[in-house]
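Visitor: Take a look at this one; I'll ask things after.
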Amino acid sequence: MFTENRKEIDPQPSAQETPAFSGPAAARPEDNLALLGSATIMMVDDEPITMEVIQTFLEDAGYERFRLIEDSRLAFDEILELRPDILLLDLMMPNIGGFEILEKIRAHPQIGYLPVIILTSSCEAETKLQALDKGATDFLAKPVDPSELALRVRNTLAAKAYQDQLAYYDPLTNLPNRRLFLDRLQWSMRQADRQGSHLAVLHITLSQFKRVYETFGPEVSEQLIKLVANRIQDCVRSSDLVGYNSAGEKDSNVLFRIGGSEFSVLCTQLQQTESSAKAAARILDAMQSIFDIGGTEVQMPPSIGIAGYPGDADDIESLTQKAVIAAAQASEKGGAGFEFFSGEMNIKSLQRIHMEADLRHAIANNELLLYYQPKVSVKSNAVVGVEALIRWRKPNGQMVFPDQFIPLAEESGLIIPVGEWVLKTACAQLAAWQAQGIWISIAVNLSAKQFYAGTMIDTVSRIIDESGIDPSYLTLELTESLLMDDTSLAVGTLRGLTELKSKISMDDFGTGYSSLSYLKSFPLNELKIDRSFMTGLNASRQDQALVSAIVYLAHEFGLSVVAEGVEDPSQLAFLSGIGCDQYQGYLFSKPVPVAEIAPMLASQGIQRRV
Ligand code: C2E
Ligand code: CA
Ligand code: CA
């Protein structure tokens, strides 16, 4: 059910001024001015007189460049050669008919996105449907009405985003993309306001898609996306619930490819938002049967999130965001299903939004702090280093742990300033220790966003210089999955970091890909065995064998091995037996504030550099 507390849930009231839209395939007025005159309009019609009349009308509307083709057999080559911005295409022609040309265009990788307005004297719904199926952008009835012609041509050109042909359409599926979706949504919201109707955004995600991608690679995945797009498209087209424009005609732009494996369906002219559940159910139904990709059968259960207007949000940003949140909620429940954006979700997302806003101020307000957890030598039980672990103390005293805000910081980009703060603070601490003759290493966690930001090496280099530390005592911890995301880019960045003389540690080893072969290609110094292995050490012989093998291999590759999450003496005894170098865990100490580290060092005897 929907809540009516719109004022409370809207995260960004009046976030942006609504631009004026001129029609369904809306563009801003200033774009339209740029479109006039410079666009090349091609016409293919066996009646020259029709084309001349249309040209005259369009010249009146400000267009200057035309190409008229009488012989339909020449049309396709001419289109390829000239690359017009729009094609006005007659259906009934001798030799080659309009449908055939349209099909050829849509199948061609370079001109597949060309907007095609079909000129038809037939008012038959069936012909129109057939043309839509084959990818017609719009229709014009003959004889042509000048103002309608100008409007259609202008809107069509706008949709095509004259300057950037790919701006509005996804080349793989030929579906309109996120940009056009937002434009269309904006227009539809206004329409809903005028008519007092409702609309709903259905956000469709495919949680299994990642698996297919990882198993079969990009080519097969693209093939699958096409199949999925076609199936949803068919379902949406045959549905009586979605896709009517104000004239009561079927609208071709109701399904959008929003991202890699994300689609959105726009349901307009609803009596109530809840009606869109039927459309969602039909999509679920249509997606149930198996997809055949090159002989392999896969299932793609979709998760659909629904947000409605009016009711869930006031602007396109928050409406789409809420559909995404609802889809995530549906996905969490597992399997195929749909969810409405509910009151409970409102509250959750609101908390997130507040948290992000609060986190923005956390650095300036001195709310962030570092705890340190000792890294201990297995042989001597002496502290040889510490890992810096971030904490956030809210003004009300509440302590927030990194698992609760690091993912948010990553998504919002705040991880860049937060990560820089961590590095600076840790290096300042290291400098202070080094000044006192305490030579222990300090480890700092880096997140993927930071690592791939492109400024990583400069930032680390600058902070090392500014703090005046001996960089060989700084270790940067990177997770295994982070490095596997883009191995060649990772190797490059790692090399740059190694040149700064800092050490690199592979964190959480064993949780991700566990591809030991990559240990060779990455310039690493240390490997941290994930703490999930420790729990099994006492009971599971398999875990024991695994940990032994990891330690053995790491040593073969010249890496030092740290075991994480060591909680009891028997685990430590095992690690000692297999020659693990260091350990970390509650057995020795939890992460503690810096003041508590000093006494530990004192009781161990401070490590002095020889
Ligand atoms: P991590 O790098 O694997 O850090 C170790 C986590 O395990 C810490 O949780 C630590 O408190 C916990 N831990 C240590 N010993 C034991 C033990 O014996 N048993 C158990 N059950 N847990 C133990 P924490 O501090 O909550 O950090 C969680 C994660 O947050 C870290 O995992 C790290 O991935 C991330 N993180 C922490 N600080 C930062 C930071 O400054 N930047 C970034 N990007 N990520 C950070
Ligand atoms: Ca770590
Ligand atoms: Ca770890």
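The values are calculated or read from the model by the stated rules, or taken from the named source; none is laboratory data. Here the structure is a predicted model, which means the values were calculated and not measured. Every residue, glycine as well, gets a Cβ built from its backbone with ideal geometry; the counts of neighbours run over all protein chains shown. All accessible areas refer to the heavy atoms of the entire protein, side chains included, with ligands and DNA or RNA removed. Shrake-Rupley method; radii C 1.70, N 1.55, O 1.52, S 1.80 Å.
Visitor: Under a crude label model (7 Å from the Cα following the beta-carbon direction), how far is LYS394 from LEU74 in nanometres?
Guide: 7.3
Visitor: A further question follows. Can you show me the helix-derived [θ] at 222 nm for the chain, built from DSSP H runs with n ≥ 4 at -39,500 (n - 2.57) apiece and divided by the number of residues, rounded to the nearest 500. It would help to have the intermediate numbers written out before the result.
Guide: On the way: 24 runs with 278 residues, N = 610.
Dividing the helical sum by the residues of the chain leaves -14000 deg cm²/dmol.
Visitor: In nm, to one decimal, how far is the modelled label at ASP292 from the one at PHE401, with both set 7 Å along Cα→Cβ?
Guide: 5.0
Visitor: Charges only on Cβ, +1 for Lys and Arg, -1 for Asp and Glu: so what's the dipole of the chain about the Cα centre, in debye to the nearest 20? Working shown, then result.
Guide: Working: 52 positive and 79 negative charges, 423 e Å.
The calculation lands at about 2040 debye.
Visitor: Still on this model: Between LYS333 and SER461, 0.36 nm times their residue separation minus their Cα-Cα distance comes to what?
Guide: Working: separation 128, 0.36 × 128 = 46.08 nm, distance 4.48 nm.
Roughly 41.6 nm would be gained on extension.
Visitor: Would you work out which of PRO591, ILE41, SER197 lies farthest towards the positive end of the dipole of the chain, given +1 charges on the beta-carbon of Lys and Arg and -1 on that of Asp and Glu, about the Cα centre?
Guide: PRO591
Visitor: If exposed means no more than 14 neighbouring beta carbons inside 10 Å and the site is in a DSSP loop, what's the longest run of the chain without any exposed trypsin sites (Lys or Arg not before Pro)?
Guide: Numbers: sites that count: LYS333, LYS379, LYS501, ARG608, ARG609.
Longest stretch, sites excluded: 1-332.
Visitor: So, with +1 on the Cβ of K and R and -1 on the Cβ of D and E, and no other charges, what is the size of the charge dipole of the stretch 452-580 about its Cα centre, to the nearest 20 debye? Can you show the working numbers first?
Guide: Numbers: 8 positive and 18 negative charges, 68 e Å.
With only Lys, Arg, Asp and Glu charged at Cβ, the dipole is about 320 debye.
Visitor: Are there any chymotrypsin sites (Phe, Trp or Tyr not before Pro) in the stretch 393-457 that are in a DSSP loop and have at most 16 other Cβ atoms within 10 Å? List them by number.
Guide: On the way: sites: PHE405, TRP421, TRP433, TRP439, PHE451, TYR452; in loops: TRP439, TYR452.
Here the sparse-neighbourhood loop sites are TYR452.
Visitor: Here is a further query. Taking a point 7 angstrom from the Cα of LYS424 along the C-beta vector, which residues in the stretch 433-476 have backbone N less than 15 Å away?
Guide: 459-468
Visitor: While we're looking at this one, here's another question. Percentage of Cα-Cα pair distances in the stretch 370-508 greater than 26 Å, rounded to whole percent? Write down the numbers at each step before the final one.
Guide: Working: 2240 of 9591 pairs.
Considering the stretch 370-508, 23 percent of its Cα-Cα pairs are separated by more than 26 Å.
Visitor: Here is the link list: LYS142/LYS278; LYS210/LYS590; LYS333/LYS449. Which ones come out longer than 31 Å on Cα distance?
Guide: On the way: LYS142/LYS278 37 Å; LYS210/LYS590 36 Å; LYS333/LYS449 28 Å.
Check vs 31 Å cut-off fails for LYS142/LYS278; LYS210/LYS590.
Visitor: Using only the Cα atoms of the chain, each taken as one equal point scatterer with no solvent, compute I(q) by the Debye sum, divide by I(0), and report log10 of the ratio at q = 0.08, 0.09, 0.10 Å⁻¹.
Guide: -0.74, -0.87, -0.99
Visitor: Just name one of ILE105, GLN604, PHE557: the one whose Cα is farthest towards the positive end of the charge dipole of the chain (beta-carbon charges, Lys/Arg +1, Asp/Glu -1).
Guide: So the residue furthest toward the plus end is GLN604.
Visitor: Using only the Cα atoms of the stretch 178-341, what do you get for the radius of gyration and for Dmax, in Å?
Guide: Using the Cα atoms of the stretch 178-341, the pair Rg, Dmax is 15.4, 50 Å.
Visitor: Related question: Pop a pseudo-label 7 angstrom from the Cα along the beta-carbon direction at both GLN271 and LEU516 and give the gap in nm to one decimal.
Guide: Once both label points are built, they end up 6.6 nm from each other.
Visitor: So what J values fall out for the stretch 133-144 if you push phi through Karplus, 6.51 cos²θ - 1.76 cosθ + 1.60 with θ = phi - 60°, rounded to Hz, Gly and Pro as x?
Guide: Computed from phi, the couplings for the stretch 133-144 are 4, 7, x, 4, 7, 7, 10, 9, 8, 8, x, 7 Hz.
Visitor: Any idea what angle helix 456-467 forms with the longest principal axis of the chain, computed on alpha-carbon atoms, 0 to 90 degrees, nearest 10?
Guide: Taking Cα atoms only, the helix is inclined about 40 degrees.
Visitor: Still on this model: Quick one: Karplus J couplings for the stretch 420-434, per residue in order, coefficients 6.51, -1.76, 1.60, θ = phi - 60°, nearest Hz, x for Gly and Pro?
Guide: Each residue's phi maps through the Karplus curve to give 5, 4, 4, 4, 4, 5, 5, 5, 4, 5, 4, 4, 4, 5, 4 Hz.
Visitor: I've got another one for you. Find the accessible area per residue for the chain; the probe is 1.4 Å, ligands and nucleic acids are left out, and the unit is Å². Don't skip to the end; give the middle numbers.
Guide: Numbers: 27820 Å² over 610 residues.
Per residue, the chain has an accessible area of 46 Å².
Visitor: May I ask you to derive the relative contact order of the chain, considering only C-alpha pairs under 8 Å and at least 6 residues apart, and to give it as an integer percent?
Guide: The normalised contact order for the chain reaches 10 percent.
Visitor: I need the GluC sites (Glu not before Pro) found in the stretch 118-227, filtered to DSSP loop residues with at most 12 other beta carbons within 10 Å of theirs.
Guide: Loop-located and lightly packed - GLU124.
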